[in-house]
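Structure, as structure tokens:
What follows is calculated from the coordinates using simple rules that are stated; it is not laboratory data. Computed from a predicted model, the values in this text were never measured in an experiment. Glycine also receives a Cβ, built like all others from the backbone with ideal geometry; neighbour counts cover every protein chain displayed.
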Amino acid sequence: MPVRHHHNMHVPGEPDATMLLMPAWIPGEHIGVKIVNVMPGNSQRGLPAIAASYLLSDGKTGEMLAMIDGGELTARRTAAASALAADYLARRDAAELLIVGTGRLAANLAEAHAAVRPIERIFVWGRDIDRAVHKAEAISRATGIHAEAAVTLEGAVRDADIVSTCTLSSQPLIRGDWLKPGAHLDLVGAFKPEMRECDDEAMRIAEVFVDTRDGATTEGGDIVQAIHNGALS
């Protein structure tokens, strides 16, 4: 399976958009490709930042078999991968979860982590406190777990057993010296080398696990920049 393709797209008067192409196939059986358009400017329109479709074709004839809502697929698959990692890496008694980001993935990540750890409290942090409050209320309804907006990011990180970030940030949000011993940091958002959700110190002190080495070292901004800066080898 090839590393996914990235194509930056200029959008007049807005942050650049990105098209992601993710092809995969089983010889003679099926061919699939997920097309994801990441549109940061959608936040000003009240729309999700990610719009996506998954196209499935017959592996022998090439005929189209299905078109699936790629946004839903992305949200569920990403959250499932994060929860799988937490199931292997987070402390068994992890009870406090912090979600950093208020987009579509936030609720999926909260539900998925709650399925693998005895989460008792969920905090949501976002640059827009009203959106964080709204997202926390939605998460509480979906999970039945007490959820609220975090007042400060630093304070919420210091208390959290699991920190899951799902942002489009190009600057580090999570500092390594905020993380308490044994905390699990789940970095979801930085899908381009110039993006970043944590600082070098967080990488330096961590035991780092990735899904694919090729993908993480070529496109994962947190990994790429930490290696470049000598914080990770």
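Give the separation of the Cα centroids, region 141-187 to region 49-69, in Å. Region 141-187 and region 49-69 have Cα centres separated by 35 Å. Within the shell of other residues whose beta carbon sits under 14 angstrom from the beta carbon of R4, the net charge comes to 0, with Lys and Arg scored +1 and Asp and Glu -1.
Between the Cα long axis of helix 129-143 and the first principal axis of the chain there is an angle of about 80°, rounded to the nearest 10. Straight-distance candidates among the lysines for linking to K180, with alpha-carbon spacing under 26 Å and chain neighbours fewer than 8 residues away dropped: K135. Extents of region 5-72, taken as max minus min of Cα coordinates on every principal axis and listed largest first, are 45, 21, 14 Å. Taking Cβ atoms as reference points and 13 Å as the exclusive limit, the residues near M203 contribute a net charge of -4, counting Lys and Arg as +1 and Asp and Glu as -1. For the pair T152 and L21 in one chain, pulling the backbone fully straight at 0.36 nm per residue adds 43.6 nm over the alpha carbon distance. If R0 equals 41 Å, the separation of the Cβ atoms of D177 and M9 corresponds to a calculated FRET efficiency of about 0.65.
Going from the fewest other Cβ atoms within 10 Å to the most, the residues W125, W178 appear in the order W178, W125.
Computed from Cα positions, the angle between helix 70-89 and the longest principal axis of the chain comes to roughly 50 degrees. A protection proxy built from the mean count of other Cβ atoms within 10 Å ranks the segments 72-79, 102-109, most packed first, as 102-109, 72-79.
Taking every DSSP helix (H) stretch of at least 4 residues in the chain, weighting each as -39,500 (n - 2.57) and dividing the sum by the residue count yields a mean residue ellipticity at 222 nm of -9500 deg cm²/dmol. Between the entries (1) 18.0, 56; (2) 20.0, 61; (3) 25.2, 83, the label attached to Rg and Dmax of the Cα atoms in Å calculated for this structure is (1). Electrostatic tally near G28: other residues with Cβ closer than 12 Å to its Cβ, Lys and Arg +1, Asp and Glu -1, net -1. Measuring r between the beta carbons of I205 and D130 and using R0 = 30 Å, the FRET efficiency lands at 0.35. In a simple Cβ point-charge model (Lys, Arg +1; Asp, Glu -1; nothing else charged), the chain has a dipole of about 200 debye relative to its Cα centre.
Antiparallel beta bridges, as assigned by DSSP with both residues in the chain, represent about 60 percent of the total such bridges.
In degrees, nearest 10, range 0 to 90: what is the angle between the Cα axis of helix 105-116 and the longest Cα principal axis of the chain? Once rounded, the angle reads 70 degrees.
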